[in-house]
Amino acid sequence: MEISPETLEWREAYKLLVGSILPRPIAFVSSIDANGIANAAPFSFFTAICADPMLICFSPMRRGTDGAKKDTLVNIESTGQFVINIVSNSMAEPMNDCAIEFSADVDEIAEVGLTKEPSIKVNVPRIKESLVHLECVQEQVLHFGDTPGAGSLVIGRVVHVHVNDELFDKGRIDSAKLNPIGRMAGNIFTDPLAKMFEMNRKTKKE
(Lines give C-alpha, C1' and ligand atoms only; values in the text may rest on other atoms or scores of the structure.)
Protein backbone atom coordinates (compact mmCIF):
# COMPACT_ATOMS: atom_id res chain seq x y z
CA MET A 1 0.00 0.00 0.00
CA GLU A 2 1.42 3.37 -1.06
CA ILE A 3 -0.24 6.48 0.42
CA SER A 4 0.24 10.17 -0.32
CA PRO A 5 -0.75 12.27 2.74
CA GLU A 6 -2.15 15.07 0.62
CA THR A 7 -4.84 12.70 -0.67
CA LEU A 8 -6.14 11.92 2.83
CA GLU A 9 -8.87 13.53 4.89
CA TRP A 10 -7.40 14.48 8.28
CA ARG A 11 -9.14 11.67 10.17
CA GLU A 12 -7.62 9.12 7.81
CA ALA A 13 -4.16 10.63 8.29
CA TYR A 14 -4.67 10.58 12.05
CA LYS A 15 -5.51 6.87 12.00
CA LEU A 16 -2.28 6.15 10.12
CA LEU A 17 -0.22 8.10 12.65
CA VAL A 18 -1.74 6.56 15.78
CA GLY A 19 -1.69 3.10 14.25
CA SER A 20 2.00 3.35 13.37
CA ILE A 21 3.62 5.30 16.20
CA LEU A 22 3.05 3.13 19.25
CA PRO A 23 2.94 2.49 22.06
CA ARG A 24 2.88 6.17 22.96
CA PRO A 25 3.52 7.54 26.47
CA ILE A 26 0.80 9.72 27.94
CA ALA A 27 1.29 13.28 29.15
CA PHE A 28 -1.45 13.93 31.69
CA VAL A 29 -1.24 17.72 31.66
CA SER A 30 -2.60 19.87 34.46
CA SER A 31 -3.01 23.60 33.92
CA ILE A 32 -5.06 26.52 35.19
CA ASP A 33 -6.95 29.26 33.40
CA ALA A 34 -6.67 32.99 34.04
CA ASN A 35 -9.24 32.65 36.86
CA GLY A 36 -7.36 29.83 38.58
CA ILE A 37 -9.73 27.01 37.54
CA ALA A 38 -7.81 23.75 37.19
CA ASN A 39 -7.84 21.66 34.05
CA ALA A 40 -6.40 18.21 33.32
CA ALA A 41 -6.23 16.39 30.00
CA PRO A 42 -4.25 13.46 28.53
CA PHE A 43 -2.13 13.77 25.39
CA SER A 44 -0.34 10.86 23.73
CA PHE A 45 1.77 12.88 21.29
CA PHE A 46 4.44 13.36 23.99
CA THR A 47 8.18 12.90 24.42
CA ALA A 48 11.43 14.28 25.86
CA ILE A 49 13.62 16.63 23.83
CA CYS A 50 16.88 16.98 25.75
CA ALA A 51 18.42 16.89 29.23
CA ASP A 52 20.37 20.18 29.31
CA PRO A 53 18.26 22.23 29.23
CA MET A 54 15.66 19.75 30.50
CA LEU A 55 12.95 20.06 27.84
CA ILE A 56 9.84 18.02 27.06
CA CYS A 57 7.15 18.48 24.44
CA PHE A 58 3.60 17.43 23.70
CA SER A 59 1.20 18.19 20.87
CA PRO A 60 -2.44 19.16 21.49
CA MET A 61 -4.42 18.81 18.28
CA ARG A 62 -7.17 21.27 17.41
CA ARG A 63 -10.69 20.21 18.39
CA GLY A 64 -12.04 17.90 15.70
CA THR A 65 -15.46 19.53 15.56
CA ASP A 66 -14.62 23.19 15.01
CA GLY A 67 -10.82 23.60 14.99
CA ALA A 68 -10.82 25.47 18.29
CA LYS A 69 -7.84 25.34 20.63
CA LYS A 70 -8.25 22.93 23.53
CA ASP A 71 -8.45 24.35 27.06
CA THR A 72 -4.98 23.06 27.95
CA LEU A 73 -3.35 25.03 25.15
CA VAL A 74 -5.37 28.17 25.95
CA ASN A 75 -4.34 27.91 29.60
CA ILE A 76 -0.65 27.42 28.86
CA GLU A 77 -0.58 30.37 26.48
CA SER A 78 -2.31 32.44 29.17
CA THR A 79 -0.21 31.47 32.20
CA GLY A 80 3.00 30.02 30.73
CA GLN A 81 2.93 27.10 33.17
CA PHE A 82 1.81 23.46 33.34
CA VAL A 83 2.59 20.11 34.97
CA ILE A 84 3.12 16.74 33.30
CA ASN A 85 1.70 14.02 35.56
CA ILE A 86 2.98 10.60 34.53
CA VAL A 87 0.17 8.04 34.29
CA SER A 88 0.47 4.78 36.23
CA ASN A 89 -1.96 1.92 35.64
CA SER A 90 -3.66 2.62 38.98
CA MET A 91 -4.97 5.99 37.72
CA ALA A 92 -5.88 4.97 34.17
CA GLU A 93 -9.66 5.34 34.51
CA PRO A 94 -9.80 8.86 36.00
CA MET A 95 -7.15 9.94 33.49
CA ASN A 96 -9.36 8.66 30.68
CA ASP A 97 -12.38 10.45 32.17
CA CYS A 98 -10.49 13.73 31.81
CA ALA A 99 -10.59 13.28 28.03
CA ILE A 100 -14.28 14.22 28.23
CA GLU A 101 -14.85 17.71 26.79
CA PHE A 102 -16.01 19.43 29.97
CA SER A 103 -16.87 23.11 29.80
CA ALA A 104 -13.97 25.44 30.61
CA ASP A 105 -15.42 26.37 34.02
CA VAL A 106 -15.27 22.76 35.31
CA ASP A 107 -12.34 21.65 37.48
CA GLU A 108 -11.65 18.29 35.79
CA ILE A 109 -9.29 17.11 38.52
CA ALA A 110 -11.99 17.34 41.16
CA GLU A 111 -14.73 16.22 38.77
CA VAL A 112 -13.12 12.80 38.16
CA GLY A 113 -12.17 12.24 41.80
CA LEU A 114 -8.46 12.99 41.64
CA THR A 115 -6.59 15.12 44.17
CA LYS A 116 -4.88 18.46 43.61
CA GLU A 117 -1.57 19.06 45.34
CA PRO A 118 0.46 22.29 45.27
CA SER A 119 3.52 22.45 43.07
CA ILE A 120 6.83 23.94 44.17
CA LYS A 121 7.89 26.29 41.36
CA VAL A 122 4.72 26.81 39.31
CA ASN A 123 1.23 27.92 40.32
CA VAL A 124 -0.41 24.93 38.63
CA PRO A 125 -1.55 22.05 40.87
CA ARG A 126 -0.10 18.61 40.30
CA ILE A 127 -2.17 15.44 40.60
CA LYS A 128 -1.38 13.62 43.82
CA GLU A 129 -2.22 10.16 42.47
CA SER A 130 0.58 10.43 39.91
CA LEU A 131 3.97 9.10 41.08
CA VAL A 132 6.10 11.43 38.94
CA HIS A 133 5.41 15.11 38.22
CA LEU A 134 7.32 17.41 35.90
CA GLU A 135 6.69 21.08 36.69
CA CYS A 136 7.14 23.07 33.48
CA VAL A 137 7.24 26.62 32.22
CA GLN A 138 6.46 27.40 28.61
CA GLU A 139 9.60 27.47 26.50
CA GLN A 140 7.98 27.78 23.08
CA VAL A 141 4.69 27.03 21.34
CA LEU A 142 4.53 26.41 17.60
CA HIS A 143 1.23 26.32 15.71
CA PHE A 144 0.58 24.27 12.59
CA GLY A 145 -2.78 25.31 11.16
CA ASP A 146 -6.08 26.27 12.76
CA THR A 147 -8.56 23.77 11.34
CA PRO A 148 -9.75 20.36 12.60
CA GLY A 149 -6.77 17.99 12.42
CA ALA A 150 -4.22 20.76 12.85
CA GLY A 151 -2.20 21.08 16.03
CA SER A 152 0.49 22.76 18.07
CA LEU A 153 3.82 21.78 19.59
CA VAL A 154 4.18 22.84 23.22
CA ILE A 155 7.77 22.82 24.46
CA GLY A 156 8.18 23.01 28.21
CA ARG A 157 11.25 23.60 30.33
CA VAL A 158 11.20 21.34 33.39
CA VAL A 159 11.88 23.48 36.46
CA HIS A 160 11.11 20.93 39.19
CA VAL A 161 10.64 17.15 39.39
CA HIS A 162 8.70 15.18 42.02
CA VAL A 163 9.35 11.43 42.26
CA ASN A 164 7.62 9.18 44.77
CA ASP A 165 10.23 7.98 47.27
CA GLU A 166 9.38 4.31 46.70
CA LEU A 167 10.28 4.63 43.01
CA PHE A 168 13.61 6.41 43.36
CA ASP A 169 16.80 4.38 43.77
CA LYS A 170 20.31 5.77 43.22
CA GLY A 171 19.16 8.41 40.79
CA ARG A 172 16.96 6.09 38.75
CA ILE A 173 13.21 5.50 38.60
CA ASP A 174 12.05 1.92 39.08
CA SER A 175 9.90 1.29 35.99
CA ALA A 176 8.11 -1.69 37.51
CA LYS A 177 6.96 0.34 40.51
CA LEU A 178 5.93 3.25 38.29
CA ASN A 179 3.90 0.81 36.16
CA PRO A 180 3.12 3.31 33.39
CA ILE A 181 0.58 2.76 30.64
CA GLY A 182 0.81 3.58 26.95
CA ARG A 183 -1.65 4.50 24.24
CA MET A 184 -2.29 2.38 21.18
CA ALA A 185 -4.76 3.09 18.36
CA GLY A 186 -8.46 3.66 18.97
CA ASN A 187 -9.58 2.90 22.52
CA ILE A 188 -6.72 0.49 23.23
CA PHE A 189 -4.13 1.08 25.94
CA THR A 190 -1.18 -1.11 26.87
CA ASP A 191 0.96 -2.10 29.80
CA PRO A 192 4.44 -1.66 28.28
CA LEU A 193 6.02 -3.61 31.15
CA ALA A 194 4.08 -6.80 30.34
CA LYS A 195 7.08 -8.12 28.43
CA MET A 196 10.50 -6.47 28.50
CA PHE A 197 13.86 -7.50 27.12
CA GLU A 198 17.35 -6.06 27.39
CA MET A 199 19.88 -5.26 24.67
CA ASN A 200 23.22 -3.67 25.50
CA ARG A 201 24.17 -0.77 23.28
CA LYS A 202 27.28 -1.70 21.30
CA THR A 203 30.21 0.61 20.66
CA LYS A 204 31.22 -1.21 17.48
CA LYS A 205 30.04 -3.96 15.14
CA GLU A 206 31.14 -7.36 16.40
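The values are calculated or read from the model by the stated rules, or taken from the named source; none is laboratory data. No experiment lies behind these values; they were computed from the predicted model shown. Positions of Cβ are backbone-derived with ideal geometry, glycine not excepted, and every protein chain shown enters the neighbour counts. In case anyone asks, the SASA skips ligands and DNA or RNA and just uses the protein heavy atoms, side chains included. Shrake-Rupley method; radii C 1.70, N 1.55, O 1.52, S 1.80 Å.
Just a few scattered comments:
- Among the residues making up region 90-140, a single one is at pLDDT 95 or above, among the hydroxyl-bearing types (Ser, Thr, Tyr) and under 14 Å from residue 32 (Cα atoms): 119.
- Considering region 156-171, the residues that are part of a strand (DSSP E or B) and not hydrophobic (A, V, I, L, M, F, W, C) include one that is modelled with the lowest pLDDT, namely 169.
- Region 193-206 residues that are surrounded by 10 or more Cβ atoms within 10 Å (Cβ to Cβ), paired with ones that are among the small types (Gly, Ala, Ser) (beta carbon under 8 Å, 6 or more apart): 193/175; 193/176
- The residues of region 1-24 that are over 18 Å from residue 185 (Cα atoms) and open to solvent by 80 Å² or more (accessible area, probe 1.4 Å), listed by number, are 1, 2, 3, 5, 6, 7.
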